[in-house]
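Following: one structure in structure tokens, then a few remarks.
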Amino acid sequence: MKRVYVNEEWCLGCRLCEYWCVFSASGEKHFPFAFDGGAKPPAGIQVEERGSVHFAVNCRHCEDPLCLKGCISGALSRDGYGAIRVDKTKCVGCHTCIALCPYGCIVSGGDNMPIKKCQLCAGKDYTPQCVSHCPNNAIVFEEDEDL
Amino acid sequence: MIDYIQPDYEVVRNKDLCVKCKVCVRQCANQVHAYDEKRDALYVDNSKCVNCHRCVSLCPAHALKIVKTDHCFKPSANYTEDIIKDIYRQADSGGVLLSSMGTPKSYPVYWDKMLINASQVTNPSIDPLREPMEIKTFLGKKPEALEYLPDGSIKTEKYPNLELKVPIMFSAMSYGSISKNAHLCLARAARELGTFYNTGEGGLHEDLYEYGENTIVQVASGRFGVHPAYLRAGSAIEIKIGQGAKPGIGGHLPGSKIGEDVSRTRMIPMGSDAISPAPHHDIYSIEDLRQLVYSLKEATDYKKPVIVKIAAVHNVAAIASGIARSGADIIAIDGFRGGTGAAPTRIRDNVGIPVELALAAVDTRLREEGIRNNVGIVVGGSVRSSADVVKAVALGADAVYIATPALLALGCHLCRSCHSGRCNWGIATQIPELVNRLNPDIGARRLVNLVTAWAHEIMEMMGGMGINSIEALRGNRLMLRGIGLSQKELDILGIKHAGE
């Protein structure tokens with residue numbers, strides 16, 4: 001399946017991917033509306049940085065996903081494209097998946113709120129927004145490598 | 001101390017649109033933008049803004065714009081704002097004013113005062129999408145006549161020529177003045193386009209030797225990075241006598257830009273200023289130039305054409321005539337509107353002549369003397385579009401050099417602050433985090449796109465004139481008409497006025 005891959009060499013740490021992720025997930029039509037109130041909601045992609053090294057990390061959509069195995073409410077499932085998706089109506093915010101994810105790619109949506117994770121902009125008719133808005137091609141959407 | 005210089009630009013933030021993502025703060029190397037956590041507010045220091053548009057281009061909410069300040073001096077057509085500010089700057093610093101890129105002064109642009117012909121009724125125009133259209137160009141000395149051996153093969157001595165799929169090359173920009181990634185973009189694009197890029201006088205980074213077939217290596221007055229392997233690495237060697245933006249003076253790359261890689265490539269100590277002398281100290285005459293031309297040919301087994309690049313100055317035709325007799329294969333003429341990484345402002349803005357006039361004068365002179373075939377002619381120094389290329393070829397150029405348009409394709413916004421070394425677009429900088437902003441995969445593609453688009457347009461214009469080979473356009477000044485030019489200007493350009 002196609003996954004989002006990040007090339008650390010070209011990541012500028014600008015964090016635009018995080019903002020476009022939030023916008024895409026929000027379903028809003030106007031970019032600023034996704035950020036009402038100012039503080040950025042958690043995104044499905046996160047830039048990790050220390051000093052001059054930075055790179056974005058997001059869900060690997062593992063072959064053998066621990067998050068899915070550990071989910072107590074059946075909120076996590078694999079869709080027809082192979083992406084691990086969360087059903088927000090079922091997620092109880094227990095954070096078991098967050099504790100299990102070896103990549104640290106699932107983030108809390110707040111206490112007792114559904115978790116946030118990359119769904120590859122599934123259900124949208126566009127390339128994942130973190131990819132198309134990366135100013136330096138540091139994030140690409142490509143077919144499987146060996147994982 | 002009183003600060004006499006007020007900011008030139010104002011950063012305007014639309015607070016309704018701003019989502020406080022702080023990409024502006026992270027991306028501005030000039031530290032114009034900042035964020036105050038206590039007040040949860042973004043603020044700006046306009047005095048640091050160079051108007052490079054990095055923040056504007058990356059702002060996901062389109063919340064930013066940069067405007068020229070309307071803070072003003074009492075208007076004067078003589079003591080303009082620029083003049084006043086320059087005087088303040090020099091009274092502050094006591095130094096020579098420095099500037100980057102081409103002159104912004106409003107000198108006449110002769111490209112814009114020439115119009116191109118097209119066929120109507122009596123001669124057919126050609127559709128380049130349906131019929132063959134040749135823009136391949138061979139650069140170098142051409143034989144006067146061909147002699148054949150009895151078996152039909154060519155007996156005439158063939159001279160080394162550069163083969164260009166498009167009559168456009170990337171002109172000299174040194175590694176040091178621009179980043180390694182910028183060089184990599186130019187090298188990759190040149191290879192894909194079947195043309196050449198030019199190392200400038202900073203030597204050739206070891207990682208770029210693999211692009212040698214599409215590289216012109218430069219030998220300038222500082223001789224930085226010149227050694228036998230370097231000379232053999234390229235397809236042609238260019239002796240740089242002068243640069244359009246700063247005729248008559250040398251170059252100065254500040255020590256702060258001479259890091260480990262640049263130091264190794266230039267073969268000079270880290271952190272030392274790289275100062276190119278104004279003249280080549282071994283060239284004081286055409287005879288001396290001939291010695292260097294033949295030294296370089298000897299060093300490369302007479303297999304590579306030698307280019308001599310000069311700035312367009314008052315006696316350019318006579319100088320070019322000398323160069324054509326020196327054994328050089330190609331003359332490159334750089335007009336005074338051409339760009340630079342750094343030049344004394346007064347020289348950039350006042351020394352030299354427009355390349356259009358220089359080209360016409362050189363081509364005319366070499367034809368009159370019967371030595372036009374001795375050399376190819378390349379012009380640079382503000383060739384801004386495919387129309388400029390067509391006009392240059394019609395005036396007599398074999399090919400053109402472009403640099404500023406190439407940099408624009410890579411993201412340059414002509415903020416003319418290259419000399420600061422903090423190019424936000426990763427071009428004119430050696431700071432690793434900034435250099436990384438220019439991904440060669442993107443840059444090379446954009447350069448290829450630009451030149452491909454120009455090539456299409458050149459073919460369209462040629463087709464319109466009923467010409468299907470660029471050879472038939474070269475020096476074909478009947479295809480040009482002047483508009484709004486004096487008789488003297490028309491005479492120098494060798495063209496008629498529109499309507500004639």
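The values are calculated or read from the model by the stated rules, or taken from the named source; none is laboratory data. Values in this document were obtained by computation on a predicted structure and should not be read as measured data. Note that each Cβ is placed from the backbone with ideal geometry, even for glycine, and that neighbours are counted across all protein chains shown. To get the accessible areas, we keep the full protein, side chains included, count just its heavy atoms, and leave off ligands, DNA and RNA. Shrake-Rupley method; radii C 1.70, N 1.55, O 1.52, S 1.80 Å.
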**Request:** Pop out the carbon and sulfur fraction of the accessible area of region B:275-318 as a percent, whole number, probe 1.4 Å.
**Result:** 53
**Prompt:** Accessible area per residue of the protein assembly as shown at 1.4 Å probe, in Å²?
**Reply:** 46
**Complete:** Expressed in angstrom and rounded, the centroid-to-centroid distance over alpha carbons for region B:405-452 and region B:329-363 is 23
**Asked** What is the set of long-range amide H partners of B:Gly376 at a cut-off below 5 Å, with H atoms built 1.01 Å from backbone N?
**Response** B:Gly140, B:Lys141, B:Ile330, B:Ile331
**Asked** When we measure straight from the Cα of A:Lys88, which lysines land under 23 angstrom away, once same-chain ones fewer than 8 places off are left out?
**Response** A:Lys29, A:Lys40, A:Lys69, A:Lys116, A:Lys117, A:Lys124
**Asked** Can you list the HN-Hα couplings for region B:486-498, worked out from phi with the Karplus curve (6.51, -1.76, 1.60; θ = phi - 60°), rounded to whole Hz and with x for Gly and Pro?
**Response** 6, 4, 4, 5, 4, 5, 5, 6, x, 10, 8, 7, 4
**Asked** When the gyration tensor of region A:2-143 is built from Cα positions, what are the square roots of 5 times its three eigenvalues, in whole Å, from largest to smallest?
**Response** 23, 18, 15
**Item:** Percent antiparallel among DSSP beta bridges (both partners in region B:320-433, rounded to 5)
**Value:** 10
**Request:** Take the Cα atoms of region A:1-48, find their three principal axes, and give me the spread along each one in whole Å, biggest first.
**Result:** 33, 26, 15
**Fill in**
What the Cα atoms of region B:269-331 span along the principal axes, largest first and in whole Å, is 40, 35, 17
**Message:** Which positions within region B:53-100 get 20 Å² or more of their accessible surface covered by the other protein chains, compared to the chain by itself, with a 1.4 angstrom probe?
**Reply:** B:Leu58, B:Pro60
**Asked** Amide H to amide H under 5 Å from B:His205: which residues, 5+ apart in sequence or cross-chain, H placed 1.01 Å off N in plane?
**Response** none
**Fill in**
So, for the Cα atoms of chain B, Rg and Dmax in Å stand at 23.9, 91
**Request:** Anything losing 50 Å² or more of accessible area from the isolated chain to the full protein assembly: pick those residues out of region B:15-41, probe 1.4 Å, ligands and DNA/RNA ignored.
**Result:** B:Val19, B:Arg26
**Asked** Hey, which lysines would be in cross-link range of B:Lys496, C-alpha to C-alpha under 27 Å, not counting anything within fewer than 8 residues on its own chain?
**Response** B:Lys113, B:Lys391, B:Lys488
**Item:** Residue (of B:Met169, B:Gly225, B:Ala34) at the positive-pole extreme of the protein assembly as shown, dipole from beta-carbon charges
**Value:** B:Ala34
**Asked** What is the Cα centroid distance between region B:270-320 and region B:43-102, reported in whole angstrom?
**Response** 37
**Request:** Mind listing the lone cysteines of chain B, meaning no other Cys beta-carbon sits under 4.7 Å from theirs?
**Result:** B:Cys18, B:Cys21, B:Cys28, B:Cys49, B:Cys59, B:Cys72, B:Cys185, B:Cys412, B:Cys418, B:Cys423
**Complete:** Amide H neighbours of B:Lys496 at under 5 Å, excluding residues fewer than 5 places away on the same chain, with H built from the backbone geometry, are B:Gly482
**Message:** Give me the percent of accessible area attributable to carbon and sulfur for region B:1-143, probe 1.4 angstrom.
**Reply:** 52
**Asked** Cα convex hull of region B:9-95: mean projected area in nm², to one decimal?
**Response** 7.6
**Request:** Leaving out ligands, DNA and RNA, calculate the buried accessible area for the pair A and B with a 1.4 Å probe, summed over both sides, in Å² to the nearest 100.
**Result:** 1600
**Item:** Protein-protein interface of region A:1-49, residues with accessible area decrease of at least 40 Å², isolated chain reference, 1.4 Å probe
**Value:** A:Trp10, A:Leu12, A:Cys14, A:Leu16, A:Tyr19, A:Phe31, A:Pro32
**Prompt:** Taking all protein chains as present, what is the carbon and sulfur share of the accessible area of region B:180-235, in % to the nearest whole number, probe 1.4 Å?
**Reply:** 43
**Prompt:** About the Cα centre of region A:2-143, what is the dipole size in debye to 20, counting +1 per Lys and Arg Cβ and -1 per Asp and Glu Cβ, all else neutral?
**Reply:** 320
**Asked** Reachable aspartates and glutamates from B:Lys297, Cα under 13 Å, same-chain residues fewer than 8 places away excluded?
**Response** B:Glu238, B:Asp329
**Per-selection Rg to Rh, region B:220-328 - Cα, Kirkwood hydrodynamic radius** = 0.99
**Fill in**
With the dipole of region B:244-328 defined by +1 on each Lys or Arg Cβ and -1 on each Asp or Glu Cβ, the option from B:Val293, B:Ala311, B:His252 whose Cα lies farthest towards the positive pole is B:Ala311
**Fill in**
Given 25 °C, 0.890 mPa s and a Kirkwood radius over Cα pairs, the Stokes-Einstein diffusion coefficient of the protein assembly as shown in µm²/s is 89
